[in-house]
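All remarks here apply to the structure that follows.
The values are calculated or read from the model by the stated rules, or taken from the named source; none is laboratory data. It should be emphasised that the depicted structure is a prediction, and the values quoted were computed from it without experimental measurement. Virtual Cβ from ideal backbone geometry, glycine too; neighbours counted across all protein chains shown. The area values use the complete protein model at the heavy-atom level, side chains included, leaving out ligands, DNA and RNA. Shrake-Rupley method; radii C 1.70, N 1.55, O 1.52, S 1.80 Å.
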Amino acid sequence: MSKNAVTETNEQQNPMVLVRRDLDKMGSEFAAALPQHIPLDRFKRVALTAINKNPGLLSADKRSLMGAFVMAAQDGLLPDGREGAIVMYGNQAQWMPMVYGIIKKMRNSGELASIGAHAVYAKDRFKYVLGDDERIEHEPTMADDRGPMVAVYATAKLKDGTIQREVMMRADVEKVRQSSRAKNGGPWKDWYEEMARKTVVRRLSKYLPMSTEVEQVLRRDDALYAVSSGSGAPQIAGPAPRTAAGQLDGFAASPMLEHDAGSRADQQDEQDQPEPNHPLVDTEGEVIFETTSSQDWMKRFEEALKITSDPVALWKVNETALEWAADMLDGGDETMLRLRQTYLEKPAETAPADDWELELEQLQEGARDCKTIPDLNAYKIEVGKRLQALPEQMFERWQSFSKTLAAELKGAK
């Protein structure tokens with residue numbers, strides 16, 4: 001057998017090579033489903049990273065795995081373990097939107113002014129006041145050990161200023177977990193707090209105006225909460241209701257919270273998982289820094305870019321973590337543009353100042369034509385090279401303008 005034949009046979013037997021080929025074959029379907037702000041290459045790269053982090057997905061039924069990635073693309077979310085994840089039921093892969101992805105879709109829908117969800121731990125100061133002046137006060141402890149998780153809550157501010165709240169005690173979350181087909185494993189085992197926060201967001205959603213896109217994401221998530229048949233395989237539910245409230249009919253009404261967050265401090269949770277560290281590596285692959293903070297990671301990454309002799313190579317070996325940090329930060333994409341301009345491309349600033357002023361005005365004028373946040377994100381991608389070419393001072397002015405415009409779009413009716 002020739003050397004080329006041996007190489008080809010080895011490649012055919014390598015599961016990762018086969019998956020990469022399948023992703024390439026599905027490229028047109030991904031591209032048709034993805035929103036403009038997620039490039040196809042980035043989506044496929046995140047999909048491969050997801051499989052690298054969870055090799056068990058290689059044993060999944062091929063059609064279910066590719067189908068799960070298609071659903072992620074249709075939802076406009078990345079299967080990166082933060083916006084969503086691919087989980088296994090038997091040998092079937094299934095797309096699961098996560099709380100960050102659901103909240104991201106709600107924020108970008110234009111239906112809400114703001115929304116958030118948080119976990120309460122026994123050593124936090126937490127107060128939930130009912131009556132005419134309903135409110136939530138939560139001060140997380142700064143101690144390293146916050147104690148066990150005792151509650152979760154979600155709040156949303158509507159455009160008219162109305163605030164909706166939902167609070168669930170740990171026992172309420174456990175009732176939902178017990179109705180899940182993956183109650184003793186899968187996402188409930190690996191991401192307990194994440195699942196608890198998502199549960200309270202789903203409960204809150206029945207009081208909120210929902211866009212069609214958000215309803216679609218919630219429908220994707222419905223299958224996770226169907227009662228298990230005992231076989232370990234997901235039972236496909238019937239047609240989902242069109243309203244957000246209808247999607248939550250399977251949940252029992254949640255009782256009001258007992259006000260002392262520390263009253264159940266003796267409830268230990270072996271399933272709570274810490275936020276994973278994200279490493280910063282040098283061009284030789286050596287880890288020089290690890291953190292759970294996207295802001296700290298981005299700061300150290302820029303420091304490393306300043307002193308490295310090969311910033312392009314440093315960027316490439318840290319690309320996955322860089323995308324995570326950018327996704328976590330407000331204005332993260334613009335930060336990446338600035339770093340690329342400053343340390344990788346360094347365009348010559350030879351044009352007269354008046355020309356740069358005109359260029360900035362034209363960019364701002366185009367941005368003002370955007371009616372929604374997704375439109376603005378798509379516009380930034382479209383004019384990305386022009387933004388990269390701006391001198392640093394002009395780029396800072398663009399960033400300030402862009403943040404102000406984004407805030408206006410979020411608050412626009």
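Below is a table of values for the structure above.
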quantity	calculated
Contacts under 6 angstrom Cβ, first residue in region 389-413 being closer than 18 Å to residue 377 by Cα and open to solvent by less than 100 Å² (accessible area, probe 1.4 Å), partner polar (S, T, N, Q) and in a helix (DSSP H, G or I), 6 or more apart	401/364
Residue list for region 28-46, filter: touching an Asp or Glu at 6+ places or on another chain (Cβ under 9 Å) and either modelled with pLDDT of 85 or more or in a helix (DSSP H, G or I) (or both)	33, 42, 44, 45, 46
Within region 160-198, considering residues that are polar (S, T, N, Q) and more than 26 Å from residue 112 (Cα to Cα), the one modelled with the lowest pLDDT	184
Enumeration of residues in region 379-388 that are open to solvent by less than 20 Å² (accessible area, probe 1.4 Å) and at pLDDT 80 or above	383, 387
Those residues of region 205-216 which are modelled with pLDDT of 85 or more and under 19 Å from the mean Cα position of the chain (by Cα), in sequence order	205
Selection within region 351-405 - of a type in the set (Phe, Trp, Tyr) and within 26 Å of the chain's Cα centre (by Cα)	379, 398, 401
Strands (runs of 3 or more DSSP E) (entirely within region 123-200) containing at least 3 residues that are within 20 Å of the chain's Cα centre (by Cα) and surrounded by fewer than 22 Cβ atoms within 10 Å (Cβ to Cβ)	none
Counted residues, region 49-66 - those being buried (at least 16 other Cβ atoms within 10 Å of the Cβ) and part of a helix (DSSP H, G or I)	7
Qualifying residue in region 223-236 (condition: at pLDDT 75 or above and either assigned to a loop (DSSP other than H, G, I, E, B) or within 20 Å of residue 164 (Cα to Cα) (or both))	no
Complete set of residues in region 336-373 that are over 28 Å from residue 300 (Cα atoms), of a type outside the set (Gly, Ala, Ser) and modelled with pLDDT under 80	350, 352, 354, 355
